[in-house]
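In what follows, a single structure is set out as structure tokens and then discussed.
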Amino acid sequence: MKAAVLCEYGEPLSIEEVPEPTPDPHGVVIETEACGICRSDWHAWQGHGEWADDQVPIGQILGHEPAGRVVAVGEQVRDIGEGDRIAVPFNLGRGHCGYCQNGHGNVCENGIALGFEESAPGAFAERVHVPSADYNAVHLPESVSPVEMAGLGCRFVTAYHALAHRADLTPGDWVAVHGCGGVGLSAVHVADALGANVIAVDLDADKLDRARDLGADETVLADAETDVPTTIQARLGGADVSIDALGIAETCRNSIDCLRPRGQHVQLGLTTDAERGEVSLPTDAMTMREITFLGSRGMPPSRYDELLRMLERDTLSPGKLVTNTVSLAEVPDRLAAMNDFETSGIEVVEFSASS
């Protein structure tokens, strides 16, 4: 089968013939129908993460936002059958530890990350193995297309988990979203669907236009003359919840500084080699104003049913964020386009278009 393989950090992925996966006793193999292209793939391609013992190994098949149809089933799988349409979380739990059993499989103590670890080859491939399938595989309603589900991907579920489960969000609260790439636009759409008011911040006016289309009530163009926290404080009196969807020191600090007293900052963006996992924070001010700092990563598979119900009712429409579908052969160029933030919204590999 064909797959996109990381051969050298920062160099184009190689489209290669690789061996077909076979299911382990608790796993299934899916024929990949669609897979999102995410900035986390870009981080992996660049070789980021060594500062957190999280660097992707050379030789890895990337891709972590798949949807597809099951073509092979391990003998100990109970709930998944051949022909089932499923989505796959990138943060794969084993299903047995206390975190998994209590609904927090996204931080499974023995979990693995699809497309980021040697033991979990990714989904920029015609077929992909899903371990612990009874726990990890998410059945898809027939009404949800593979491209739409791939658009749901890690960005959308991460944004949903951040706002619905991690932050204490109340309808009518103001949510500030710093960075309107895939995860930022997902956060705008989710926050709007959950009844919040949204102010979106970005350097790119076109991305702010997309944010308005997805539910942003206010926008801030973060040009060189704009003090973002002061602008948000002046307009709204500050945000109740603020999300750093980019992961650079400036957006993290702006997110914290724009909050009202007792506000909540949620960190979604991962840092680059400029920060190497460390950002200086105003801890004294945060203490005096009782600011909460939260991290959020993916979403437990046991909570996907909440999202799927909202999709079926058209409360959420991740397909609105999909701006481009490409073939597998185009993945190396689309990752390179992220170097200068040249992509918009969510791009998806559609395998029916691949050669």
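Yes or no, residue by residue, for (1) of a type in the set (Gly, Ala, Ser); (2) in contact (Cβ under 8 Å) with a residue 12 or more places away in the chain; (3) open to solvent by 10 Å² or more (accessible area, probe 1.4 Å); (4) in a loop (DSSP other than H, G, I, E, B):
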position: Asn110; (1), (2), (3), (4): no, yes, yes, yes
position: Ala123; (1), (2), (3), (4): yes, yes, no, yes
position: Glu142; (1), (2), (3), (4): no, yes, yes, yes
position: Gly153; (1), (2), (3), (4): yes, yes, yes, no
position: Gly172; (1), (2), (3), (4): yes, yes, yes, yes
position: Val175; (1), (2), (3), (4): no, yes, no, no
position: Cys180; (1), (2), (3), (4): no, yes, no, yes
position: Val190; (1), (2), (3), (4): no, yes, no, no
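Within the bounds of region 62-78, is there any residue that is open to solvent by less than 20 Å² (accessible area, probe 1.4 Å), closer than 14 Å to Ala4 by Cα and either of a type in the set (A, V, I, L, M) or touching a Lys or Arg at 6+ places or on another chain (Cβ under 6 Å) (or both)?
Looking through region 62-78, at least one residue is open to solvent by less than 20 Å² (accessible area, probe 1.4 Å), closer than 14 Å to Ala4 by Cα and either of a type in the set (A, V, I, L, M) or touching a Lys or Arg at 6+ places or on another chain (Cβ under 6 Å) (or both).
If the requirement is being within 20 Å of Ala162 (Cβ to Cβ) and either open to solvent by less than 50 Å² (accessible area, probe 1.4 Å) or of a type outside the set (S, T, N, Q) (or both), which of these qualifies: Leu208, Leu203, Leu214?
On the way: Leu208 fails: within 20 Å of Ala162 (Cβ to Cβ); Leu203 fails: within 20 Å of Ala162 (Cβ to Cβ).
Just a single option satisfies the conditions, and that option is Leu214.
Taking the stated definitions as given, is Asn106 open to solvent by 50 Å² or more (accessible area, probe 1.4 Å) and either in a loop (DSSP other than H, G, I, E, B) or polar (S, T, N, Q) (or both)? First the steps, then the outcome.
Working: open to solvent by 50 Å² or more (accessible area, probe 1.4 Å): no; either in a loop (DSSP other than H, G, I, E, B) or polar (S, T, N, Q) (or both): yes.
Here the answer is no, as Asn106 does not meet what is asked.
Would you check if there is a residue in region 90-97 being of a type outside the set (Gly, Ala, Ser) and surrounded by fewer than 18 Cβ atoms within 10 Å (Cβ to Cβ)?
From region 90-97, those of a type outside the set (Gly, Ala, Ser) are 90-92, 94, 96-97; that's our starting set.
Then keep just the ones that are surrounded by fewer than 18 Cβ atoms within 10 Å (Cβ to Cβ); that gives 96-97.
For region 90-97, residues of a type outside the set (Gly, Ala, Ser) and surrounded by fewer than 18 Cβ atoms within 10 Å (Cβ to Cβ): present.
Identify the single condition in (1) modelled with pLDDT of 95 or more; (2) open to solvent by 20 Å² or more (accessible area, probe 1.4 Å); (3) closer than 22 Å to Gly345 by Cβ that Ala162 does not satisfy, given that it satisfies every other one.
(2)
Residue by residue through region 1-52, note down the ones that are farther than 22 Å from Asn91 by Cα and not charged (D, E, K, R).
Hits for region 1-52 are Met1, Cys7, Tyr9, Gly10, Pro12, Leu13, Ser14, Ile15, Val18, Pro19.
Any residue at all in region 130-140 that's closer than 23 Å to Asn324 by Cα, outside any helix (DSSP H, G or I) and of a type outside the set (Ser, Thr, Tyr)?
The first filter runs over region 130-140 and keeps only residues closer than 23 Å to Asn324 by Cα, leaving 140.
Among the residues that remain, those that are also outside any helix (DSSP H, G or I) are: 140.
Still in the running and of a type outside the set (Ser, Thr, Tyr): 140.
Yes, that holds for at least one residue.
With the condition kept exactly as written, say whether any residue in region 220-237 is surrounded by fewer than 20 Cβ atoms within 10 Å (Cβ to Cβ) and in contact with a Gly (Cβ under 8 Å, 6 or more places away or on another chain).
no
For residues that are assigned to a loop (DSSP other than H, G, I, E, B) and either of a type in the set (D, E, K, R) or at pLDDT 95 or above (or both), scanning just region 269-296, find the one that is most open to solvent (accessible area, probe 1.4 Å).
Residues of region 269-296 that are assigned to a loop (DSSP other than H, G, I, E, B), as a first pass: 269-282, 289-291, 296.
Those still in the list that are either of a type in the set (D, E, K, R) or at pLDDT 95 or above (or both) too: 273, 275-276, 278, 289-291.
Numbers: Asp273: 94, Glu275: 29, Arg276: 107, Glu278: 140, Arg289: 65, Glu290: 99, Ile291: 21 Å².
Per the stated criteria, the residue is Glu278.
Enumerate the pairs (first residue in region 64-89 and in contact (Cβ under 8 Å) with a residue 40 or more places away in the chain; second residue anywhere and outside any strand (DSSP E or B) and of a type in the set (Phe, Trp, Tyr)) with beta-carbon separation below 7 Å, excluding pairs fewer than 6 apart on the same chain, so at least 6 apart or on different chains.
Every condition considered, the pairs that remain are His64/Phe90; His64/Phe116; Glu65/Phe90.
Go through region 14-45 and give me each residue that's open to solvent by 10 Å² or more (accessible area, probe 1.4 Å), of a type outside the set (D, E, K, R) and modelled with pLDDT of 95 or more.
Ser14, Ile15, Val18, Pro19, Pro21, Thr22, Pro23, Pro25, His26
The values are calculated or read from the model by the stated rules, or taken from the named source; none is laboratory data. What you are looking at is a predicted structure, and each value in this text was computed from that prediction instead of being measured. For neighbour counting, all protein chains shown are included, and Cβ atoms are generated from backbone atoms with ideal geometry for every residue, glycine included. Protein only, heavy atoms only, side chains kept; ligands, DNA and RNA dropped before computing areas. Shrake-Rupley method; radii C 1.70, N 1.55, O 1.52, S 1.80 Å.
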